[in-house]
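Any read-out appearing in this document is the output of simple, stated calculations on the displayed coordinates, not a laboratory observation. These numbers come from a predicted model, not from an experiment. Note that we place each Cβ from the backbone using ideal geometry, even for glycine, and neighbour counts take in every protein chain shown.
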Amino acid sequence: MTRFTVNDRPVQYRMDPETPLLWALRDASNLTGTKYGCGTGDCGACTVDIDGEAVRSCQVTIGKTEGRFVTTIEALSPDRGHPLQQAFAAENVSQCGYCMSGIIMAASVLLRRTNDPTDAEIDAAITNICRCGVYPRLRGAIKRAGRIMRGEDQAGDDPIQAAPPPGITPDEAVQAVPALRKP
């Protein structure tokens, strides 16, 4: 039995210790914000924070995670109020959004080290692949999140309205947008 901490909660998995962390998180813990992309560690869609390091969860087994602390996108901010989530919404970074949780997790590790990263530091820390090519906006959003963290950006005092948490029904979504209401 493998034991470690996920999102500040102790977990134990009765799975083969060679099971990739990605599949334990997604299948056993239902933490589906961590995405499967390539399975080879190249794309970064599965990036999580393990003991303060950005790690591709498809490349580390649960046996190698024994006794460690894992943070997924779900624990970054339950209300989507983390400076990165707010800055990504404000800068319209996301297009298809599939890679975003991995990028945000890698960026959160970077911003914990320095909340004023250079372009070179961002490029070195964010090696994730985005098929939509959001890289210019990505840099801007990471820098904006750093400014929020330093108290130099208004978004820190006036949060940007990110999308509502999951759970809204299609009927409720239609009611929120007058142009989509049925006559």
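Among 18, 91, 74, 121, which comes first, second and so on when ranked by fewest other beta-carbon atoms within 10 Å? The partial results should precede the final answer.
Details: 18 9, 91 20, 74 17, 121 14.
Least crowded to most crowded, the residues run 18, 121, 74, 91.
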For the range 62-79, Karplus-derived ³J(HN,Hα) couplings (6.51, -1.76, 1.60; θ = phi - 60°; whole Hz; x for glycine and proline) come out as 5, x, 6, 9, 3, x, 9, 10, 10, 10, 10, 4, 4, 9, 4, 6, x, 9
The simple spin-label model distance between residue 116 and residue 95, using points 7 Å out along Cα→Cβ, in nm, is 3.3
Least to most buried among 22, 31, by other C-beta atoms within 10 Å and fewest first, runs 31, 22
Note on the range 2-75: contact order normalised by length, alpha-carbon pairs under 8 Å, 6 or more apart, percent, works out to 41
Contour minus Cα-Cα span, residue 123 to residue 64, at 0.36 nm per residue, comes to 18.5 nm
Taking placed amide H atoms and a strict 5 Å upper bound, the residues 5 or more places from residue 11 or on another chain that come that close are 4, 5, 6
Going from the fewest other Cβ atoms within 10 Å to the most, one would list 88, 69 as 69, 88
